[in-house]
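The structure appears below as structure tokens.
The values are calculated or read from the model by the stated rules, or taken from the named source; none is laboratory data. The structure presented is a predicted model; accordingly, all values stated were derived computationally and were not measured. Positions of Cβ are generated from backbone atoms using ideal geometry, with glycine treated the same way; all protein chains shown enter the neighbour counts. SASA here: full protein model, heavy atoms, side chains in, ligands and nucleic acids out. Shrake-Rupley method; radii C 1.70, N 1.55, O 1.52, S 1.80 Å.
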Amino acid sequence: MRDHITLQVARYRPEQESEITFDEHEVPCPKDWVVLDGLNHIKDHVDGTLSYRWSCRMGICGSCGMTVNGEPKLTCATFLADYAPGPVRVEPLRNFPVIRDLIVDIDDFMRKLARVKPWIVRQAEKPLAEGEYLQTPDELDEYKQFSMCINCMLCYAACPIYGLDPKFIGPAVIALAQRYNYDSRDEGSADRMTVLSEHEGIWGCTFVGECTKVCPKHVDPAGAIQRYKLTAALDSMKSFFLPRGA
Amino acid sequence: MAGSHVYTDYHPRWLRRQVSTYWWLEKRDYFAFILREATCLFVGWFVAYLLLMVKAVVGGVGSYQPFLDWSATPWVLTLNVVSFLFMIYHAITFFVAAPQAMVVHVGRRRVPGNLVLAGHYVAWAAVSVIVSWLLLGA
């Protein structure tokens, strides 16, 4: 096995360039090195101006999402050896504006996320004296899958609908809304429905399904969206046939 | 944050990349998706054909026999065979999607997705057997 591999790293320096260019570097390729290790090697030993986000190195923080050989990946969980003999092309996540090199602007996602109130909403808090809001393991299982989302944006990068129509609220936002909708302690589903039922909400999704395939945490955003379509359709029918409520 | 911004210190110029017109050729899964979207026209054709057949049946032998003759013409036959193949494609992709959209509970236990998928195929087979029996056996 070769002990080095070529990394083709996308560069975008807005003060110099108006398009992405690529730098090539030979980096060590021991079997336990991930793409992020290769980038860190370049930054530490070759070119300190290379810019990218990273933090935890263990697939928890969701910072190091990039496009690796055309696929959205967490670079901390993508082994260089899997791409031997190379080269490995590293680009910024697709469908987001690029700020510099491998860094993308995710403000659009952050704004949309806040709209669906991704926290437990209570109409009235019960007194502290009554203790915690208890939950059974079955109730936890209802939303646990969706709670695994780490906001890494790989699903947005994989979604052609978001690429073509940036108004689409997007997979992770809907999955995170569902995380709270399915939480037995939450009472905010009606508030979220107002946002999710918009044209750019769930109905923007045409079920390409790539969001689920690229999700590193097996959240299944496509499933969350389809389940919510069913919920919204039933709710709409109920309000049509039972206008005064069930 | 418009693309026309000129770079100045502390105010970077974002690079906005256009999605290629041929994005659906970049991945097999994207192509499968576009194929599913585009071939819904054939599903529409099947519905129209079914309605025409019902109309012909209601009209009695006088209108049903010409309908059969028209259905036997090469272009209608070819169209129907192609439509049938795409109907199968749509049925399969629909079934694959079903476990993601339908979460079924029996009591407090969640039914595994594979069982939901299998249930769809069993129902499909059952309906096919009944329809075959009606057409061939009756």
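Summary table below
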read-out: Farthest toward positive dipole pole in region A:4-104 [+1 Lys/Arg, -1 Asp/Glu at C-beta], among A:His45, A:Gln16, A:Gly62; value: A:Gly62
read-out: Within a Gaussian network of chain A (alpha carbon springs, distance under 10 Å), most fluctuating of A:Ser147, A:Ser18, A:Ser197; value: A:Ser18
read-out: Candidates B:Leu79, B:Leu25, B:Leu15, ranked by Gaussian network fluctuation over chain B, Cα under 10 Å, top entry; value: B:Leu15
read-out: Value of [θ]222 nm, deg cm²/dmol, for the protein assembly as shown, DSSP H segments ≥ 4, -39500 (n - 2.57) each, nearest 500; value: -14500 deg cm²/dmol
read-out: Qualifying trypsin sites (Lys or Arg not before Pro) for region A:107-199 [loop in DSSP, other Cβ within 10 Å: at most 16]; value: A:Arg122, A:Lys167, A:Arg185
read-out: Test item: Cα-centred dipole of region A:56-195, Lys/Arg +1 and Asp/Glu -1 on Cβ, debye; value: 460
read-out: Longest exposed-site-free window of chain A, the sites being chymotrypsin sites (Phe, Trp or Tyr not before Pro) in a DSSP loop that have at most 16 other C-beta atoms within 10 Å; value: A:1-118
read-out: Per residue, the convex hull volume that the Cα atoms of region A:4-104 enclose (Å³); value: 92
read-out: Under the span-like rule (Cα at least 20 Å along the axis, Kyte-Doolittle mean at least 0.0), DSSP H helices of chain A; value: A:221-241
read-out: Whole-number D in µm² s⁻¹ for the protein assembly as shown, Kirkwood Cα-pair radius fed into Stokes-Einstein, 20 °C, 1.002 mPa s; value: 87
read-out: Evaluated at q = 0.12 Å⁻¹: base-10 log I(q)/I(0), Debye formula over Cα of region A:79-192; value: -0.59
read-out: Rounded accessible area per residue of chain A, 1.4 Å, Å²; value: 49
read-out: Extreme residue, positive dipole direction of chain A, given options A:Cys149, A:Pro243, A:Cys159 (C-beta unit charges); value: A:Pro243
read-out: Rounded to the nearest 20 debye, dipole of chain B from Cβ charges on Lys, Arg, Asp, Glu; value: 520
read-out: Dipole-positive endmost among A:Ile103, B:Trp24, A:Ala224 within the protein assembly as shown (Cβ charges, Cα centre); value: A:Ala224
read-out: Loop sites in region A:73-177: GluC sites (Glu not before Pro), DSSP, at most 12 other Cβ within 10 Å; value: A:Glu125, A:Glu132
read-out: Accessible surface buried once B binds A (1.4 Å probe; total of both sides; Å²); value: 2700
read-out: The protein assembly as shown - charge dipole about Cα centre, Lys and Arg +1 at Cβ, Asp and Glu -1, debye rounded to 20; value: 900
read-out: Cβ-based net charge around A:Thr49, under 14 Å, with every Lys or Arg adding one and every Asp or Glu removing one; value: -2
read-out: Cβ-defined net charge surrounding A:Cys64, 10 Å radius [Lys, Arg +1; Asp, Glu -1]; value: +3
read-out: Apportionment of accessible area to carbon and sulfur, chain A, percent (1.4 Å); value: 54
read-out: Within 10 Å of each Cβ in B:15-22, the average number of Cβ atoms from other chains; value: 5
read-out: Rough spin-label spacing in nm, given labels placed 7 Å along Cα→Cβ, for A:Gln135 and A:Asp107; value: 3.3
